[in-house]
Structure formats: structure tokens, C-alpha cells
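The values are calculated or read from the model by the stated rules, or taken from the named source; none is laboratory data. Treat the numbers as computed from the prediction; the structure is a model and nothing was measured. Heads up, the Cβs are rebuilt from the backbone with ideal geometry, glycines too, and the neighbour counts pull from every protein chain shown. All accessible areas refer to the heavy atoms of the entire protein, side chains included, with ligands and DNA or RNA removed. Shrake-Rupley method; radii C 1.70, N 1.55, O 1.52, S 1.80 Å.
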Amino acid sequence: MAVNIVIGTQWGDEGKGKVIDVYAGRADVVVRSQGGNNAGHTVVLGEETYKLNLIPSGILHKNALCLIGAGVVINPKTILKEIDELEKRGITCDNLRIDPRAHVVMPWHVELDGLSEKFRGEMDIGTTRRGIGPCYTDKYERSGIRIYDLIHTELFERKAKQSGKLKNKIITAVYEGQALDLNSVIEEYKSYGIRLSKYVGDVSVLIHKAYLEGKNIMFEGAQATLLDIDFGTYPYVTSSHPLSAGVFVGAGAGPKMADDIIGVAKAYTTRVGKGPFPTELFTDIGDYIRVKGGEYGTTTGRARRIGWFDSLIVRHSVRVNGLTKLCINKLDTLCGLKQLMICTAYKKPDGTIIDDFPPVLEELADCEPVYETHEGFDENICQCKSFEQLPASCKRYIDRLESLCDCKIAIIGVGPERTQIIER
Ligand code: GDP
Ligand code: IMO
Ligand code: MG
């Protein structure tokens with residue numbers, strides 16, 4: 001029996017999908033705990049590529065029970081589309097269960113996400129515009145609509161009418177937007193509720209049962225540490241807790257259950273959306289990595305911003321998540337670069353050197369990265385199966401990351417396929 005958690009350590013898109021898929025192959029139960037369809041996880045299986053937004057990547061393994069916990073926000077239209085697309089490709093979703101406590105992303109949340117971003121103008125966050133922030137706002141304001149409501153038609157109608165009326169007022173009077181046709185929204189969503197009802201189950205109870213039966217459980221992280229509402233680069237964050245602790249709240253499980261908490265990082269750094277990024281590259285090296293690594297958003301297609309590996313960020317992740325292992329993905333993407341830089345510390349305007357990631361943006365904005373230069377490599381490493389097979393300069397780079405981040409690098413990604421990993 002093993003209980004593992006996979007967490008993003010940077011700003012998302014670290015290749016969690018691939019690592020989750022590898023672990024899901026050994027898991028009986030795979031659980032998603034927070035976030036929504038702002039996530040985009042890619043799993044490459046030979047010729048087939050799957051991009052999953054809401055459904056746990058475990059779905060690609062026939063026998064895994066796939067659970068969506070209370071902390072996730074669910075767009076019913078999107079999840080049904082995802083189910084249909086998977087089933088069209090021969091993947092059954094019969095093993096999927098959604099917690100009745102999970103909140104529903106309604107069309108007014110999506111509308112308000114776009115309108116509030118527009119209203120912020122220059123100060124926009126660069127959200128995925130999937131309605132995530134507005135849905136979590138309603139949840140914490142205690143006026144949200146939950147999956148239980150959605151599948152109970154009369155209850156849903158009553159709550160949706162109440163909520164929709166208020167949202168239409170905000171849309172039109174505050175943002176000067178177009179009111180939504182509530183009757184047609186309600187009719188459309190009632191039909192989604194009917195279709196989703198067969199997937200609803202108490203995820204907390206299901207996890208507990210599996211745990212008592214000694215099953216292998218994997219908690220699939222979404223988003224990442226620097227997108228956490230408290231420990232990320234606020235306000236350029238998402239509206240939930242992608243940290244290891246958030247996994248337990250969102251799933252309804254106890255933290256003592258975990259054996260390993262695996263943090264996933266790239267061998268460099270990327271971010272989509274706005275906000276500070278100390279090691280960001282504005283040179284052709286950044287363009288080289290973007291093109292070679294295919295660094296375009298899985299969910300929105302936006303070009304990702306690229307930078308050198310920042311050890312302050314990953315060290316911060318090791319601390320706030322209590323990571324027991326690290327995975328460094330996309331080492332292969334750095335092939336062909338003469339020199340690799342690693343940020344080891346930040347220099348403040350008064351010359352002070354710091355090595356802890358600053359808690360607030362205002363302090364981060366003044367920081368200049370301090371770099372260490374390492375020799376690059378030209379060899380194709382995509383087929384390497386063991387650490388020993390890697391070129392000497394790669395091994396030195398990984399060893400240095402390990403000592404700077406103060407966490408065992410147990411997995412190295414050398415390509416997008418589930419087989420292209422080195423386990424140490
Ligand atoms: P996630 O959100 O963390 O699951 O990551 P995404 O799927 O959004 O983005 C990661 C991208 O990198 C995907 O296109 C993956 O197929 C790809 N990928 C993952 N690991 C590796 C790796 O080790 N090497 C290469 N070249 N690509 C990888
Ligand atoms: P995965 O699981 C990368 C970012 C958005 C934006 C900020 C807020 O694929 O790693 P939101 O729509 O959540 O209100 O947007 O958070 N963001 C992600 N960036 N990967 C993700 O998920 C993300 N989920 C949210 O780009 O900057
Ligand atoms: Mg992604």
C-alpha cells in the first residue's frame with residue numbers, strides 16, 4: 001500500500017500529467033482535490049496525446065477509481081464534453097465519482113471572470129477566464145451552487161434563479177455587460193445535472209474505504225505552489241490551495257495518510273499569465289527553449305514565459321509542501337545550450353543577498369537573481385534509462401539542483417512519454 005501526492009512546485013505546467021500517469025499505473029484510486037478546468041494535464045501514450053482538464057489522469061488506466069473531491073470547482077458542460085471525448089476514444093469513465101459538495105461553475109462565473117479582468121485593465125491577472133475565481137468567491141461567500149444542487153432539479157432551479165438574478169445585476173449595472181438568459185441557462189444546466197447524477201458519490205468516504213482496504217492511492221495535484229492563494233505570488237495566483245495541505249482539505253482525508261509528497265519541477269522555469277518572474281529570459285535562449293519545449297498553454301494556447309531554474313522557488317515549495325521527493329522534467333529540452341544558469345540567491349537593491357523566496361510581491365519586485373553558470377550539453381538524452389547514462393554535465397546539473405533545493409531528485413524527465421523517465 002502506498003499513498004502518494006504529486007504537486008506542482010513552480011507556476012504550473014511542470015509535466016505533472018506525465019508523472020501522475022506513471023504513478024496512476026500503480027494506483028487503485030486517483031484523486032483530484034482542488035482547482036477546476038484552469039488545469040491542463042498532458043499525457044502522451046505512443047501516438048496518442050490526451051489533454052485532461054478536470055478528469056483525473058488515472059482515467060487512462062482501466063482499473064483505477066477516479067475521484068473528484070469537494071474542493072474542485074466543476075464546469076458541468078466541460079466535464080461532460082471531456083467524458084464524451086474520452087469515451088469516443090475508447091476510454092470508459094464508469095469509474096469516475098464526483099463529490100456532491102463540489103461547487104459548480106455557472107456561465108455567470110465565466111462571464112464575470114472576463115469582465116473583471118477587463119475592468120482591471122493594466123492590472124489584470126491573466127486568468128484562464130474559466131470562471132474559477134468567481135466560483136470560489138461564491139463558495140466562500142456561502143452562496144454557491146453545488147453538485148448536489150445541480151442533480152436535484154427543483155433545488156437547482158431555486159438556487160440558480162436566486163444567484164443568476166444577482167449576477168445579472170452585477171454584470172449589467174457594475175460592468176455594463178450583457179445579461180444572461182437565465183431560463184435557458186437553467187434548462188441547459190438541468191440537463192447536465194441529469195447526466196452527471198450517475199457519477200456522484202461521497203469522495204471522502206470512498207478514500208477512507210480504500211485506505212482501510214490497503215489500496216494504493218494517488219492524489220493528483222493541479223496548478224502549483226506559486227499559484228497558491230496564500231503562498232504564491234499574490235495576487236497573480238489562482239483562487240485555491242494547490243499545496244499538499246490543500247489536497248487533504250479538498251479531498252476530505254487526513255494528512256497522516258501520505259507516504260510520499262512528490263514535487264514536480266521543470267529543469268528551467270515557465271509561467272503563463274501575468275506577475276513577477278525574476279529569472280525570466282527575454283533573449284533568443286528563451287525563444288529556443290519555448291520552441292524546443294513546445295511551451296504553449298495546454299488550456300489556453302498562450303505562449304509561456306520562460307526563465308532559468310530558480311532554486312529559491314523550488315526550495316520554497318519543498319518547505320511549504322513538505323516534499324519528500326522531487327521530479328525534474330524536461331531536462332532534454334535544454335539540449336543544445338552551451339551554458340545553463342541556475343539562480344541560487346536574490347540580491348536586494350541595498351546589496352543584501354537573500355536565499356528564501358520573499359513572502360510578498362513588493363519585495364520580490366526589487367530582487368535581482370544571482371546566477372551560477374554550468375556547462376550545457378549537446379547529446380540527445382531522450383533514450384537514457386538511468387542516471388549513469390546521462391552526460392557528465394547533466395549529472396552535475398542535477399546534483400547541483402538537488403543540493404540547492406535540499407530534496408532528493410528521485411525522477412528525471414527526458415521526454416513527454418510515460419517511458420521517458422529515469423527513476424533513481
Ligand atoms: P502539467 O499541467 O503539469 O500536467 O503540464 P502540461 O501538460 O500543461 O505541460 C507539460 C508539457 O511538457 C506537456 O506537453 C508534456 O507532454 C510535456 N512534457 C512532460 N515531461 C516532459 C519531459 O520530460 N520532456 C519533454 N520534452 N516534454 C515533457
Ligand atoms: P496546471 O494544473 C499554469 C494560472 C493562470 C493565471 C492564474 C489565475 O495545468 O499546471 P485562474 O484561471 O486560475 O483564475 O488564473 O493561474 N493558472 C495556471 N497556470 N498551469 C495551470 O494548471 C494553471 N491554473 C491556473 O494562467 O496566471
Ligand atoms: Mg498544464
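Summary table below
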{"read-out": "Counted residues, segment 297-311 - those being within 11 Å of ligand 1 (Cβ to nearest atom) and either at pLDDT 95 or above or among the β-branched types (Val, Ile, Thr) (or both)", "value": "4"}
{"read-out": "Residue among 334, 340, 401, 364 that is touching a Lys or Arg at 6+ places or on another chain (Cβ under 9 Å) and of a type in the set (A, V, I, L, M)", "value": "334"}
{"read-out": "Condition check for residue 78: touching a residue at least 40 places away in the same chain (Cβ under 8 Å), surrounded by fewer than 24 Cβ atoms within 10 Å (Cβ to Cβ) and closer than 16 Å to residue 195 by Cα", "value": "yes"}
{"read-out": "Residues that are within 15 Å of ligand 2 (Cβ to nearest atom) and not in a helix (DSSP H, G or I), drawn from segment 70-92", "value": "71, 72, 73, 74, 75"}
{"read-out": "Residue within segment 8-22 that is more than 10 Å from ligand 1 (Cβ to nearest atom), over 12 Å from the mean Cα position of the chain (by Cα) and outside the structural domain of residue 305 (by TED's automatic domain parsing) present", "value": "yes"}
{"read-out": "Residues satisfying the stated conditions in segment 44-64, i.e. assigned to a strand (DSSP E or B) and surrounded by fewer than 24 Cβ atoms within 10 Å (Cβ to Cβ)", "value": "44, 45, 48, 49, 50, 51"}
{"read-out": "Among residues of segment 371-398, those that are open to solvent by 30 Å² or more (accessible area, probe 1.4 Å), within 28 Å of the chain's Cα centre (by Cα) and under 29 Å from residue 351 (Cα atoms), counted", "value": "1"}
{"read-out": "Condition broken by residue 95, with the remaining ones in (1) open to solvent by 50 Å² or more (accessible area, probe 1.4 Å); (2) out of contact with any Leu (no Cβ under 6 Å at 6 or more places or on another chain) satisfied", "value": "(2)"}
{"read-out": "Condition met for residue 401 (within 16 Å of ligand 2 (Cβ to nearest atom), surrounded by 15 or more Cβ atoms within 10 Å (Cβ to Cβ) and assigned by TED's automatic domain parsing to the domain that holds residue 314)", "value": "no"}
{"read-out": "Residue list for segment 193-228, filter: open to solvent by 40 Å² or more (accessible area, probe 1.4 Å), under 25 Å from residue 41 (Cβ atoms) and either basic (Lys, Arg) or part of a helix (DSSP H, G or I) (or both)", "value": "195, 198, 206, 211, 215"}
{"read-out": "Per-region count, segment 205-244, residues touching a residue at least 60 places away in the same chain (Cβ under 8 Å) and away from ligand 3 (no atom under 16 Å from the Cβ)", "value": "19"}
{"read-out": "Pairs with Cβ under 9 Å, 6+ apart, first in segment 395-406 and without any contact (Cβ under 8 Å) to a residue 40 or more places away in the chain, second aliphatic (A, V, I, L, M) and outside any helix (DSSP H, G or I)", "value": "399/409"}
{"read-out": "Qualifying residue in segment 197-210 (condition: under 15 Å from the mean Cα position of the chain (by Cα) and either of a type in the set (Ser, Thr, Tyr) or farther than 25 Å from residue 131 by Cα (or both))", "value": "no"}
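Conditions (1) among the polar types (S, T, N, Q); (2) away from ligand 1 (no atom under 15 Å from the Cβ); (3) under 13 Å from the mean Cα position of the chain (by Cα), marked per residue:
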{"residue": "239", "(1), (2), (3)": "yes, yes, yes"}
{"residue": "245", "(1), (2), (3)": "no, yes, no"}
{"residue": "249", "(1), (2), (3)": "no, yes, no"}
{"residue": "256", "(1), (2), (3)": "no, yes, no"}
{"residue": "266", "(1), (2), (3)": "no, no, no"}
{"residue": "278", "(1), (2), (3)": "no, yes, no"}
{"residue": "285", "(1), (2), (3)": "no, yes, no"}
{"residue": "291", "(1), (2), (3)": "no, no, no"}
